[in-house]
Amino acid sequence: MQQSQQYQSPISPGLSWYEASISERPQYPQFDGSQQTDVVIIGGGYTGLSAAYHLASQGIQVVLLDEARFGDGASGRNGGQLNTGQRCGAEDLEKQYGFDHAKALFDLAEEAKHHLLSFAVQHNIDMEYVQGHMSVTHKQRYDKQYKAHSEIMAERFNYPHLRYMERDEVAAKLGSSRYFGGTYDKGTGHIHPMKLLIGLAKTAAQAGAKLYENSKATGITSSNGRVIVKTARGIINAEKALIAVNAYGGNLEPTSAAHVMPIRSFMGATVPLDASYNVLNGGESVDDSRFVVRYFRRSKDGRLLFGGREAYTADNPRDITTHIRRQITEIYPQLKDIEITHSWGGSVGITMPRQPFVREVMPNVISAGGYSGHGVMLANFMGKLYAETVTGNRERLHQFEILKIPAFPGGRTFRAPLLFLALSWFAMMDRV
């Protein structure tokens, strides 16, 4: 069924350009009644749908629930950048966990990237992949670190696709003199996230997974070898469960809620830009060195898609466009009066160390999330790793389960205000 452009997600603000640019967005039924199944999955983003496909394709019965529509959360509304490695740099993970574990995590991330690209080809998902990504420094003092990073990646982690760029090259490729240096990664790129999401759902359904939208899980319990998930209109009885809600878990399960915090991120899309504007004419995606990261790229039809409003809160702003325009203009003054056709937001699940949270939170129930803005390729692969676990190989998922992810301080009452204060301070330091 064709998606109406007037539809507004009940869990995320604004109509995204991604929604407006697609010709078809299939709808799935609402769960009603009771079912028994092998695995129940809560959350219809990249992780949940990937897990549903990989389980169902092996003959395992799967029921998947989502509280809204597939794509209403971050999986359908994000910046579309694949990136390389984990959210934390490989050298930082080496300092914390040692080289062997850091290398294993990097290799898994590289496999995740290649898996996603090959999966899209195999299943005819036109996710509009464009090769090339730049990470740029907004302060000159970061240049040395970025240059060292490119050398470490080649010499210690066998990744030769990353190189350092001097300021002149950065300015030429960006079409902006706002940044100092940076790195160019030809081994990754960016995609249309909603098209990937729609394709994932279709392949999961075709494999035999039972998918349900507008079916919020209201409770989950595990006892006597069975997992019970309740919704407003029914009950699912399963052997195992995957909680894959990332930033949208609420109070469904307290352990995940203590370790994964939702924050709002916002984006805008301009009208298509011709070459005279001199904005990313090479088509690469970009992120910068701010703690409150700014990320941007060109769409297939030439729009600038720009994200990064400085708002570490779960609330929705009254005017997304004004804030996005201000940030665009800081980098591209020539766009100060450009029309912004769409502005939208969504929740990102973060953890304290910006590393994924993967735990067995109750018997036969695994929770996975907290990708901290690095989930386009990693979340998809986490679904595959969960499916491996169900079929008997937990070794690769275990590489994430043993990461040291502390709970946010302050408990349920004070953790959000404390996080807002801390991250507001970091946002202020970005400007110093």
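Remarks
- Considering the conditions (1) part of a loop (DSSP other than H, G, I, E, B); (2) over 19 Å from residue 245 (Cα atoms); (3) at pLDDT 95 or above; (4) open to solvent by less than 30 Å² (accessible area, probe 1.4 Å), residue 59 is excluded by exactly one of them, (4).
- Residues considered: 64, 49. Of these, the only one that is in a strand (DSSP E or B), touching a residue at least 12 places away in the same chain (Cβ under 8 Å), touching a Leu at 6+ places or on another chain (Cβ under 6 Å) and surrounded by 17 or more Cβ atoms within 10 Å (Cβ to Cβ) is 64.
A quick yes/no check of all residues on (1) closer than 23 Å to residue 382 by Cα; (2) of a type in the set (Gly, Ala, Ser):
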residue: 127; (1), (2): yes, no
residue: 135; (1), (2): no, yes
residue: 164; (1), (2): no, no
residue: 197; (1), (2): yes, no
residue: 201; (1), (2): yes, yes
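A quick yes/no check of all residues on (1) out of contact with any strand residue (DSSP E or B) (no Cβ under 7 Å at 6 or more places or on another chain); (2) of a type in the set (S, T, N, Q); (3) farther than 26 Å from residue 159 by Cβ; (4) open to solvent by less than 30 Å² (accessible area, probe 1.4 Å):
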| residue | (1), (2), (3), (4) |
| --- | --- |
| 13 | no, no, yes, yes |
| 21 | yes, yes, yes, no |
| 45 | yes, no, yes, yes |
| 83 | no, yes, no, yes |
| 95 | yes, no, no, no |
| 109 | yes, no, no, yes |
| 114 | yes, no, no, no |
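- Some residue of the stretch 197-206 being part of a strand (DSSP E or B), in contact with a Ser or Thr (Cβ under 8 Å, 6 or more places away or on another chain), under 30 Å from residue 126 (Cβ atoms) and in contact (Cβ under 8 Å) with a residue 40 or more places away in the chain: no
- Taken over the stretch 236-260, residues that are open to solvent by less than 20 Å² (accessible area, probe 1.4 Å) and outside any strand (DSSP E or B) amount to 6.
- Helices (runs of 4 or more DSSP H) contained entirely in the stretch 361-432, each with at least 2 residues that are of a type in the set (A, V, I, L, M), at pLDDT 85 or above and touching a helix residue (DSSP H, G or I) at 6+ places or on another chain (Cβ under 6 Å): 375-390
Condition check ((1) out of contact with any Lys or Arg (no Cβ under 7 Å at 6 or more places or on another chain); (2) open to solvent by less than 50 Å² (accessible area, probe 1.4 Å); (3) β-branched (Val, Ile, Thr)) across all residues:
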| site | (1), (2), (3) |
| --- | --- |
| 132 | no, yes, no |
| 151 | yes, no, no |
| 197 | yes, yes, no |
| 218 | no, no, yes |
| 221 | yes, no, yes |
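- Only one of the numbered conditions (1) in contact with a Gly (Cβ under 8 Å, 6 or more places away or on another chain); (2) basic (Lys, Arg); (3) farther than 30 Å from residue 361 by Cβ is violated by residue 230, and that is (3).
- Yes/no for residue 155 being at pLDDT 95 or above, over 30 Å from residue 253 (Cα atoms) and acidic (Asp, Glu): yes
- Put simply, of 350, 328, 320 the only residue that is aliphatic (A, V, I, L, M), crowded, with 16+ Cβ neighbours inside 10 Å and at pLDDT 95 or above is 328.
- Flag if residue 144 is under 30 Å from residue 49 (Cβ atoms), open to solvent by 10 Å² or more (accessible area, probe 1.4 Å) and not acidic (Asp, Glu): no
- Test: residue 120 is farther than 14 Å from residue 200 by Cβ, open to solvent by less than 60 Å² (accessible area, probe 1.4 Å) and among the aliphatic types (A, V, I, L, M): no
- Put simply, of 389, 322, 329 the only residue that is without any contact (Cβ under 8 Å) to a residue 24 or more places away in the chain and within 29 Å of residue 100 (Cβ to Cβ) is 389.
- Residue check for residue 371: touching a Gly at 6+ places or on another chain (Cβ under 8 Å) and over 23 Å from residue 404 (Cβ atoms): no
- All positions within the stretch 23-33 that are in contact (Cβ under 8 Å) with a residue 40 or more places away in the chain and loosely packed, with under 12 Cβ neighbours inside 10 Å: 24, 29, 33
- Residue check for residue 263: out of contact with any helix residue (DSSP H, G or I) (no Cβ under 8 Å at 6 or more places or on another chain), farther than 30 Å from residue 121 by Cβ and part of a strand (DSSP E or B): no
- Across the stretch 67-88, not a single residue is classified as of a type in the set (A, V, I, L, M, F, W, C) and over 18 Å from the mean Cα position of the chain (by Cα).
The values are calculated or read from the model by the stated rules, or taken from the named source; none is laboratory data. This structure is a prediction, so every number in the text was calculated from the model and none was measured. With ideal geometry, Cβ positions are generated from the backbone for all residues, glycine too; neighbour counts draw on all protein chains shown. Note: areas computed on protein heavy atoms with side chains; ligands, DNA, RNA excluded. Shrake-Rupley method; radii C 1.70, N 1.55, O 1.52, S 1.80 Å.
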